[in-house]
Structure formats: structure tokens, C-alpha cells
Amino acid sequence: MALGRGNNGQALLACGGSDPEVWLCEPDPGKPVWKSLVGHDGKVTSVAFGHGTKGQALLASGGSDGTVRLWDPDDGRPVGEPLIAHKTVNTVAFGTGAEGRVLLASGGHDETEGRSWLVHGSVRLWDPDDGRPVGEPLIGQGVVHSLAFGPGARGRVLLAAGGYNGIWLWDPDDGTLVGQPLTGHEGGVDSVAFVTGAGGQLLLASAGRDRTVRLWDPLAGVQLMLIRRRVPVAALTSDESILAIGDSEGLTVIDTSACGRQGPDVLRRGHRSSPNHSSLVLRVANWMKLLTALDAVKTRKRNRR
């Protein structure tokens, strides 16, 4: 699920699921009107909003059919041809490289040719304007479950890739690994997000199947904090020092701006609900509650200044 804006500035909500359609709507809590984008042959595993080089709004989707597809979020039409990316695409993300170059990243799992039992993964970078690959696939982290772009040192860019038992950091401009993998999770890392800590320090949040959320200093390769959850985390999303954690029990929003001194402040805990989140209506309700929580927290922080 992803929130973004169209070319006219209208807020838009996109989500995927077990069917081959991308669902797009204006997130009106009263009565959202859904638009179906058809193209994938299999379930839609990930969606992300971004833009092209000329600033035009784009929506990317990844699917179990191994393709990444680009859409015009205003009219729902496909943009270009499908990108043949992986055996299965698990995650997509937009970011920028050197000199502001727009990049689209995809992560998933692939099969070694002739050895279908041997599964590995890769991160692939694309030019969203023409659909061409940028550089060689980034290989080393195993199957990739999650991706996030963030600022690195000396004006560089970092691309975090969550895989099995750890997170790998890449420089997307030259395709090199940055430091050592961040290890500690037991099992897959299903979500990663960059946030800011004390004094504007860059932090990386990760959520694993081991029912933990961890905060890292990604440049030093050090784990700063571990937050235990009662159930596996479904997703993380962030806005500067605000980190939202979503799972089947509800939503928790924390402020990481104090991290490194006294730990994050829990600013708002979300609703409690049935663990069955397969319903599209329930997923939208959860997202709207998250947006409301984020807006309330940002307003609260502005009023403190």
C-alpha cells in the first residue's frame, strides 16, 4: 500500500493484493471510489509512487509474475512496457542517485539458471523514463523483501535492502556495498524505512518476522534499539523523525528524534482490530487511521516549536 499524489496534486492511495489488479483511489474517508489497473498476471506484491525526470507523477507496481509495471496515476494507463525484473518481485521503491538522477529499484528472488532449487535474490535499478536497466544487478543479500532510499554520507545516496537475517546497504550510483550487513533479525526483514534521530542523525528502521522493530545507525553499522512486538510487523512508513508501525493489532506511531538519548517516544497507539486484514475495506481504514495519526503528530510537533 502506498500514498502519493497525481500531477494535479490530488492525494492518491494505491494498494495491491492477492488478485492481479492494482487498486487506486482518492482517499476520501467518506466514500472512496476505486479504479482498477489491470496488467499483472498474478498477485500484486508492492506499489510505490514516484516521478520521472520531468517531474511527471508515476506509480510503480511489482508482481508475482516477475514484472515491474509503471502507470500514470491520473488516468490509470500503463506507461511503457513491463520491466522483466525477477522471478518474483517482492518490493519496489523510487529514489534519486547522483546529481538528482531519478531511479526505480526492484527487489525479489530469482532462480539460478539450470538449478531451479537454488533460490537467490537481487536488487535491480531502472530508469523510469525509458525502462532501461541502470548498471548490473546488485547481488549478495539473498532474496530481497524490502527496499528504501535514504541519504548517505557526503551527499551520497543509500539503498537499504532487507533480506533474510539482515539488511544490506548499497551505493546505487556505483553498485558497491556500503559497510557490513546489519544483522540481528531472525528470519526475513519485511520492511525498512529511513528516519532521523537526535540532532538529525540518519537512522534506519527495520521490521522482521521475528516480531521486532530495530533502529540502526546505518553508517556505523550499529543497532541502537530493539522494540519487541506481539505479532509480526506488516509495514513501516516514515516521515522525518516519525515512524509508523503497522501490524494486525493496530498502529503505533513513535517519534525517533530523541533516539540515542532516551529512546523513541510513543506518540499514538492505533486501534485494535481483528487480525484478519484481507478485507480491502479494512486495509483502507487502517491506512486512513495512519494518515490521521501522522497528521496529528506533525501538528503536535509544530506546535512545540
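No value in this document is a laboratory result; all are computed from the given coordinates. Predicted, not measured: the structure shown is a model, and the values here were computed from it. When we count neighbours, we look across all protein chains shown, and the Cβ atoms used for this are built from the backbone with ideal geometry, even at glycine.
3J(HN,Hα) couplings calculated from phi for region 35-50 with the Karplus curve 6.51 cos²θ - 1.76 cosθ + 1.60 (θ = phi - 60°) are, in sequence order, 10, 9, 9, 9, x, 6, 10, x, 5, 8, 9, 7, 9, 7, 8, x Hz; Gly and Pro show x.
Gain on full extension, evaluated as 0.36 nm per residue between ASP74 and LYS35 minus their Cα-Cα distance, stands at 13.0 nm. If you plug the beta carbon distance of ASP130 and THR96 into 1/(1 + (r/R0)^6) with R0 = 22 Å, you get a FRET efficiency near 0.85. With the highest mean first, a sort of the peptides 72-84, 39-51 on other beta-carbon atoms found within 10 angstrom per residue produces 39-51, 72-84. Here region 227-258 is scanned for amide nitrogen atoms under 20 Å from the site 7 Å beyond the Cα of ARG211 along Cα-to-Cβ, giving 227-236, 245-253. Note on ASP129, ASP174: ascending count of other Cβ atoms within 10 Å places them as ASP174, ASP129, the fewest first.
Sequentially through region 188-195, phi angles give Karplus couplings (6.51, -1.76, 1.60; θ = phi - 60°) of x, 9, 8, 7, 9, 7, 8, 9 Hz, Gly and Pro residues having no value and appearing as x. Other residues whose C-beta falls under 9 angstrom from the C-beta of PRO82 contribute a net charge of -1, scoring Lys and Arg +1 and Asp and Glu -1. Each label was represented as a point 7 Å from its Cα along the Cα-to-Cβ direction; for ASN7 and LEU219 these points are 3.9 nm apart.
Using Cβ counts within 10 Å as a stand-in for footprinting exposure, how do SER122, SER206 rank, fewest first?
Values: SER122 21, SER206 27.
Placing the least packed residue first, the sequence is SER122, SER206.
For HIS145, nonlocal amide neighbours, meaning residues 5 or more places apart or on other chains whose placed amide H falls under 5 Å from its own, are GLY162, GLY163.
Provide the convex hull volume over Cα atoms per residue for region 38-116, in Å³. Can you show the working numbers first?
Working: hull volume 7.6 nm³, N = 79.
In region 38-116, the Cα convex hull volume per residue is 96 Å³.
Phi-derived couplings, Karplus 6.51 cos²θ - 1.76 cosθ + 1.60 at θ = phi - 60°, listed residue by residue for region 123-131: 10, 10, 10, 9, 8, x, 6, 10, x Hz, with x used for Gly and Pro.
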